[in-house]
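Quick notes on the structure that follows.
The values are calculated or read from the model by the stated rules, or taken from the named source; none is laboratory data. As the structure is a computational prediction, the values presented were derived from the model and not from experiment. Note that each Cβ is placed from the backbone with ideal geometry, even for glycine, and that neighbours are counted across all protein chains shown. Accessible surface areas use protein heavy atoms only, side chains included; no ligands, DNA or RNA. Shrake-Rupley method; radii C 1.70, N 1.55, O 1.52, S 1.80 Å.
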Amino acid sequence: MKNRKHHRETAVFLGFPIILLCRRRSNIFQLVPFFTALSIVVLILFVLMSYIAPPIDSRHDQFISLFYNGTEPRRNLLEEQVIQEPMGEGRLSRYIWNSKKSNFYHGCSIASDEFPTAEVNTLPNRYLLIATSGGLNQQRTGIIDAVVAAHILNAVLVIPKLDRQSYWKDSSNFSEIFDVDWFISYLSKDVKIIKDLPRMGNELIIPHTTRVPRKCNAECYQTRIQPILNKKHAVQLTKFDYRLSNHLDTELQKLRCRVNYHALKFTDPIIQMGKKLVGRIRKKSQYFLALHLRFESDMLAFSGCYYGGGDKERRELGKIRKRWKTLRVTNPDKERKNGKCPLTPEEVGLMLRALGFGKDVHIYIASGEIYGGEETLAPLKAFFPNFYTKETLASKEELAPFSSFSSRMAALDFIVCDESDVFVSNNNGNMARMLAGRRRYFGHKPTIRPNAKKLYKMFTERNNMTWEEFSSHVQKQQIGFMGDPMEVKPGRGEFHENPSSCICEDTNVKAREDVTIPRSPSMIFGEGTDSADDGTRKSFGEVTDRRIIEDEQYWFDTDYMENEVGGIQSIGGATISLRELNI
């Protein structure tokens, strides 16, 4: 309609001089053919130009529309339009990479004098064995909770067994991923840990195998497992993931943090390769952003979401979805509207650009095989041409010791994401949670989680607003999803994502800082230091009110569903790809 109106106005403008000339009496009939032909030519040229280059006010809307409709002109429009958006490190670069507020909060997990040491707490002939479940980060939760469970049960912990039966078929044992000697030594004052189950005299101890319910608290372990330990001397807990409550007393929560953030250290080969990847990015840019894209086919199939791929997409994802027998039928539109679907790579790129990250930002992608391949990734790469993965930063020969083992490959991504200046998660799975909590603990390093429910509305209304309006709305909707201190109330959410009882406020530093920084959705925090509790910090503690909803979910949770796949016990979040990272 706007173009038609524009054409009518032009026609009137060009035709008016002709009418005036026609009213003149001298030689007018000789000039009429000339001006008529001239007017027609000008009108034709103008119409053609209007289609080639539409009015400036509408060009951004056309860019958004074409970019999302998958038409060919989107690449040219992307170059013309996006390049006009925040350049360099972004319009808000002062607050994009760090903030002074990170100085106010520190990780603090040192045990108090009242916490019993392993020497006092451990009873003789009690051994706890753990069989973890899932992939790297899911198993990590089991290892952490195993130490706490051993302390609760006054038992000696045998080094946990890693899951070799899941879909990844990773044959790695504990010592091939984590530094086992460091693990035992660091926790020696908290829990006695041994590598193998000993003999009692000349007899081999055969552990009693059982399982505890999900979210079992200290009383639950003492009631269910201690009597068995007293009788059998050794107990093995199977499928050990999320078998410990989020809500424990503060001292046990701090033990969790000591295990997670200090005792669990990757082996030297993994650390060295991870640092090599980080170093190669740092040579190219002072800052970089890491994105856990999590847009693999198994995630999309499990979510029940739909991304416009027609019958082919429904057929492919539907076939994968059948592998989880207990999944409920979902309404894709409703799921997406409720923020329960991962953003597309295009949408992630738009969100980051709207938050102020410029085109020259260097971005590392932690992901398995993206559904749709390079065609799906193309828009994100157009937004951020400085685009890296493990495979682009290292040669096949360098990755050879890791490439056949999904957990070791995931460990490399974990290191790069942890070392990044800004981490962005496109899901709420195990890796995203672990990294979010770790980055909170080590000085609230910037961690962005898309507010998918609110952003959905922005994306659906994108054709009705300018880029400036879109950017402003995105920044507003992301408040509370940028990794700021106290975004999540103490005691809410999954503990590994929000280790509130291990986060302390340094009141002395806060008092010295006579600076007021306005709250901004792009005000995210830089790397801090791991500090001991020197008595000047105020711990947020851990809320133990049982009325609090256990594990408030922002996303669908692929980690908590138990299903049978091919006769093998697995977790709903267990993925198909060997290179899966959300584990």
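Among His208, Thr250, Leu197, whose Cα sits farthest toward the positive end of the charge dipole of segment 197-254 (+1 at Cβ of Lys/Arg, -1 at Cβ of Asp/Glu, about the Cα centre)?
His208
Amide H of Gly491 versus every other amide H placed in the peptide plane: which residues, excluding those fewer than 5 positions away on the same chain, fall under 5 Å?
Residues meeting the amide H criterion: Ser500, Val543.
On the full set of protein chains, 1.4 Å probe, figure out the accessible area of Thr392 and give it in Å² to the nearest 10.
90
For segment 145-161, what does the Karplus curve 6.51 cos²θ - 1.76 cosθ + 1.60, with θ = phi - 60°, yield as ³J(HN,Hα) per residue in whole Hz, taken in order and with x for Gly and Pro?
Running phi through 6.51 cos²θ - 1.76 cosθ + 1.60 with θ = phi - 60° gives 6, 5, 5, 5, 4, 4, 5, 4, 8, 6, 10, 7, 9, 8, 3, x, 8 Hz.
Quick one: grab the alpha carbon gyration tensor of segment 263-344, order the square roots of its eigenvalues as a ≥ b ≥ c, and give me rounded if a/c is under 1.5, else prolate or oblate depending on whether a/b is larger than b/c.
Values: a/c = 2.95, a/b = 2.14, b/c = 1.38.
Since a/c reaches 1.5 and a/b is larger than b/c, the shape of segment 263-344 is classed as prolate.
Amide H of Lys239: which non-local residues (sequence gap of 5 or more, or other chain) have their own amide H closer than 5 Å, using H built in the peptide plane?
Ala131
Per residue of segment 110-127, in order, report the coupling 6.51 cos²θ - 1.76 cosθ + 1.60 (Karplus, θ = phi - 60°) as ³J(HN,Hα) in whole Hz, putting x for Gly and Pro.
Computed from phi, the couplings for segment 110-127 are 5, 5, 7, 5, 7, 6, x, 6, 4, 4, 7, 7, 7, 9, x, 6, 10, 10 Hz.
In the structure shown, do any of Lys195/Lys232; Lys284/Lys337; Lys276/Lys359; Lys312/Lys396 have a Cα-Cα gap over 29 Å, and if so which? Please report the intermediate quantities before stating the final value.
Values: Lys195/Lys232 19 Å; Lys284/Lys337 39 Å; Lys276/Lys359 25 Å; Lys312/Lys396 33 Å.
Result: Lys284/Lys337; Lys312/Lys396 exceed 29 Å.
Check which residues have an amide H placed less than 5 Å from Val156's amide H, if you skip close sequence neighbours.
Arg126, Tyr127, Leu128
Starting at the first residue of segment 323-334, write each ³J(HN,Hα) from the Karplus equation 6.51 cos²θ - 1.76 cosθ + 1.60 with θ = phi - 60°, in whole Hz, x for Gly and Pro.
Once rounded to whole Hz, the list reads 6, 9, 5, 9, 5, 7, 6, 10, 9, x, 5, 5.
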